[in-house]
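The values are calculated or read from the model by the stated rules, or taken from the named source; none is laboratory data. Owing to the predicted nature of the structure, the values given are computational and were not obtained by experimental measurement. Neighbour counts run over all protein chains shown; Cβ positions are idealised from the backbone, glycine included. These area figures cover heavy atoms from the full protein model, side chains too; ligands, DNA and RNA do not enter into them. Shrake-Rupley method; radii C 1.70, N 1.55, O 1.52, S 1.80 Å.
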Amino acid sequence: MNCMRTIIAVALRDGKVLSYATNEHGEPCKREGYPTGVGYELCPGCDYPNHAEAKLCENLEEGCEVLIIGHTYACEPCKAKMKDAGVINIRFA
């Protein structure tokens, strides 16, 4: 099984897409059977640095909005990284 599900983080400004990132990495998931948000440290592909939100922040423009597709929340490290990168709003779809 590849990691649980694909999450897409999209950076937007004035309704235009600036960039996007996903959590895809193609490794077998070691979190099978765990609920969402639990056990990220068990699977290198699922751990925080590979979250779509964290990857998006690598080349993010300050003052943009982030739309996260495929999830209903962002973990604390991702929220902190987006705040530090200057994200002004986070939405979920």
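Highest mean first, how do 79-86, 46-53 rank when packing is the count of other Cβ atoms within 10 Å averaged over residues?
46-53, 79-86
Of all DSSP beta bridges confined to the chain, the antiparallel ones make up roughly 75%. Of the trypsin sites (Lys or Arg not before Pro) in region 4-42, the ones in a loop by DSSP (not H, G, I, E or B) with at most 11 other beta carbons within 10 Å are R5.
Rounded to a whole number, what % of the accessible area of region 36-93 do carbon and sulfur atoms account for, probe 1.4 Å? Result for region 36-93: 53 percent of the exposed heavy-atom area is carbon or sulfur.
Taking only protein heavy atoms and a 1.4 Å probe, what accessible area per residue, in Å², does the chain have with all protein chains in place?
59
Excluding same-chain residues fewer than 8 positions from K55, which aspartates and glutamates have a Cα within less than 20 Å of its Cα? Of all the aspartates and glutamates, those that pass the test against K55 - Cα under 20 Å, at least 8 places apart if same chain - are E24, E27, E41, D47, E65, E76, D84.
Relative contact order (percent) for the chain, with alpha-carbon contacts under 8 angstrom and 6 or more residues of separation?
RCO, the chain: 31 percent.
Summarised as an ellipsoid, the chain has semi-axes of 24, 12, 11 Å, derived from the eigenvalues of the Cα gyration tensor scaled by 5 and square-rooted, with the largest first. Summing -39500 (n - 2.57) over the DSSP H runs of n ≥ 4 in the chain and dividing by its residue number, what mean residue ellipticity at 222 nm do you reach, to the nearest 500 deg cm²/dmol? Calculated from helices alone, the mean residue ellipticity at 222 nm is -4000 deg cm²/dmol.
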